[in-house]
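Following: one structure in structure tokens, then a few remarks.
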Amino acid sequence: MGELMNDEQTVNQKRRSLFKLSGVLLGSAAVTSSLVPRAFAASPATTPAFSAPTRDNPIRINFNENPLGMSPKAQAAARDAVVKANRYAKDEIVQLGQKLADHHQVTLKSVLLTAGSSEGIRAAIEGCATLDTQLVIPELTYGDGEHFAKIAGLKVTKVKMLNNWAFDIPAMKAAVADYNGPSLVYLVNPNNPTATITPADLIEPWITSKPANTMFIIDEAYAEFVNDPRFRSVSPLLSQGMDNIILLKTFSKIHAMAGMRVGYAVAHPDVIARMNREVAGEKINFCGVDAALASMDDAAFIAYSKKSNDLSRQILLKVLDELKLPYLPSEGNFVFHQLIVPLKDYQKHMADAGVLVGRAFPPADNWCRISLGTPEEMQWVADTLREFRKKNWV
Ligand SMILES: Cc1ncc(COP(=O)(O)O)c(C=O)c1O
């Protein structure tokens, strides 16, 4: 392998192996003639049929996107919204805000819609920082916190990770306690690029102890993919009225709406008012608002999205185990695994095979982030990895 794989026999062989695996994983030997597991054949998604990757049409597992496509109900809502989009989505924006407020058991004034959660990160930092504020972050985490803090001229304090790339919460606490000024603490849970969770028992006592002059920005972009019961959302703390938390959420991941740019923040009304000064008035487009409303009602799609991600993860972890490539416990829609070759070589071999994998995430130099595609895509990637091993490319 190493060239693009477009040989029909290989495709069929790979499909057959996916097929067997899926039957085992889903506890069902029954499969359809289209080689898609039955549990997925009746799926509430419109995922395009799998075809062998090419350079022009690669398997895109580099940006933690949801490969399934938006919920068909959300797609229909977005299409219907086009003909109304000469108007501002005034009522619908309030409707979405209220639906999210109900979902999190807070009032409407505790919700701020944002253009993706990226805008939420920016608004949280700009709305809450003063000139002497520091942003405290773990060394290996999603980059937007540091990015926007630097633009805002804040001091950024990076805290070293523990051995297994876990957050060092006691060291982060110390960084806050030792600082002579206000702190913003940006915690991504599950984290990106590691896909690991930080147990609630480590975070909640710190937040509820209400350290002076400290605001916690908790980014739960991937929470809906989590299986580990040690994870808990901070959402209930907000419905209890805590005023030192900003919860950031997005429709980009479990709802498969990355290109629609819909996100939101949940916080105390006073905090939301400060963030609101930093975002445009009509920030969400009509299609995004209506799609988000429809997607929230499509429980079947959301369950399917989670189940498909679980299956894709199992396919990838199985081959990583087989090849004895260490990886971190994944609780997101991606897996962080260790390499025995330089990342650049791995990326190149993968790209030549029609697969786009994650970028470099220093200081984790010998690691690669692989986003989870569809089960069929992951079966293709698994077979590609087996071929790579024969050439010592992995
Ligand atoms: C942890 C985290 N937060 C926020 C974002 C931003 O996503 P969006 O702006 O699409 O909501 C991402 C995107 O990958 C992310 O990984």
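Values quoted throughout were computed directly from the atomic coordinates according to the rules given, and no laboratory measurement underlies them. Computed from a prediction, not measured in an experiment: that's the story for all the values here. With ideal geometry, Cβ positions are generated from the backbone for all residues, glycine too; neighbour counts draw on all protein chains shown.
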*asked:* Whole angstrom only: what separates the Cα centroid of region 237-307 from the Cα centroid of region 161-235?
replied: 20 Å
*Which of V176, V341, V234 moves most in a GNM of the chain, Cα contacts under 10 Å?*
V341
_DSSP-loop trypsin sites (Lys or Arg not before Pro) across region 55-123, with at most 16 other Cβ within 10 angstrom_ = R55, K84, R87
*asked:* Give me a comma-separated list of calculated 3J(HN,Hα) values for region 207-216, in order, Karplus coefficients 6.51, -1.76, 1.60 applied at θ = phi - 60°, integers in Hz, x for any Gly or Pro.
replied: 5, 6, 6, 6, x, 4, 6, 10, 10, 9
*Pull up all non-local amide H partners of I246: gap of 5 or more, or a different chain, and H-to-H distance under 5 Å with H placed in the peptide plane.*
F216, I217, I218
_Assuming 0.36 nm per residue, please report the length gained on full extension of the stretch R60 to K158 beyond their Cα-Cα distance._
32.2 nm
*asked:* Tell me which of T374, A195, M172 sits at the most positive position along the dipole axis of the chain, charges placed on C-beta atoms (Lys, Arg +1; Asp, Glu -1).
replied: T374
*Express the relative contact order of region 72-297 as a whole percentage, based on alpha carbon pairs under 8 Å and six or more residues apart in sequence.*
32 percent
*Looking at region 234-297, which trypsin sites (Lys or Arg not before Pro) are in a loop (DSSP not H, G, I, E or B) and have at most 13 other Cβ atoms within 10 Å?*
R277
*GNM top mover of A149, A124, A171 - the chain, alpha-carbon springs below 10 Å*: A171
_Only counting other Cβ atoms within 10 Å, I'd like R313, R386 sorted with the fewest neighbours first._
R386, R313
*Can you sort E376, E278 by how many other beta carbons sit within 10 Å, fewest first?*
E278, E376
*Under a GNM of the chain (C-alpha, springs under 10 Å), which listed residue has the highest mean-square fluctuation: T250, T114, T130?*
T130
*region 290-352 pair-distance distribution - Cα-Cα, 10 Å bins, rounded %*: 18, 35, 26, 16, 5
*From the cross-link list K160/K249; K306/K348; K150/K344; K210/K306; K249/K390, which pairs have alpha carbons spaced over 32 Å apart?*
K210/K306; K249/K390
*Report the label-to-label distance for A52 and N180 in nanometres (one decimal), using points 7 Å from each Cα along the Cα→Cβ vector.*
6.7 nm
*Could you check what % of the DSSP bridge pairs in region 72-297 are antiparallel, to the nearest 5?*
35 percent
*May I ask you to evaluate 6.51 cos²θ - 1.76 cosθ + 1.60, the Karplus curve with θ = phi - 60°, for each residue of region 195-200 and list the ³J(HN,Hα) values in order in whole Hz, giving x for glycine and proline?*
6, 8, 9, 9, x, 4
_In range of the label at D132: residues from region 166-183 whose backbone nitrogen is under 17 Å from the point 7 Å along Cα→Cβ_ = 176-183
_Rounded tilt (10° steps) of 375-390 against the dominant C-alpha axis of the chain_ = 70 degrees
*How far is it, in nm, from the label point at L323 to the one at Q105 when both lie 7 Å from their Cα along the line to the Cβ?*
4.5 nm
*When averaged across all projection directions, what area in nm² does the alpha-carbon convex hull of region 72-297 cover?*
11.9 nm²
_I'd like the antiparallel share, as a percent to the nearest 5, of DSSP beta bridges with both residues in the chain._
45 percent
_Below 8 Å between Cα atoms, with a sequence gap of 6+, how large is the relative contact order for the chain in percent?_
25 percent
*Can you list the HN-Hα couplings for region 56-73, worked out from phi with the Karplus curve (6.51, -1.76, 1.60; θ = phi - 60°), rounded to whole Hz and with x for Gly and Pro?*
7, 10, x, 7, 9, 10, 10, 10, 6, 8, 8, x, 6, x, 5, 3, x, 5
*In terms of modelled amide H atoms, which long-range or inter-chain residues lie less than 5 Å from the amide H of V136?*
T157, L184, V185, Y186
_Spin-label model distance (nm) - N366 vs A212, 7 Å beyond Cα toward Cβ_ = 4.5 nm
*When the helices in the chain are scored as -39500 (n - 2.57) per DSSP H run of 4 or longer and the sum is shared across all residues, what 222 nm value do you end up with, to the nearest 500 deg cm²/dmol?*
-12500 deg cm²/dmol
*Exposure proxy check: I93, I151, I217 ranked by fewest other beta carbons within 10 Å?*
I151, I93, I217
*the chain: percent of C-alpha pairs farther apart than 36 Å?*
27 percent
_P(r), alpha carbons of region 132-214 - 10 Å bins starting at zero, rounded %_ = 18, 53, 28, 1
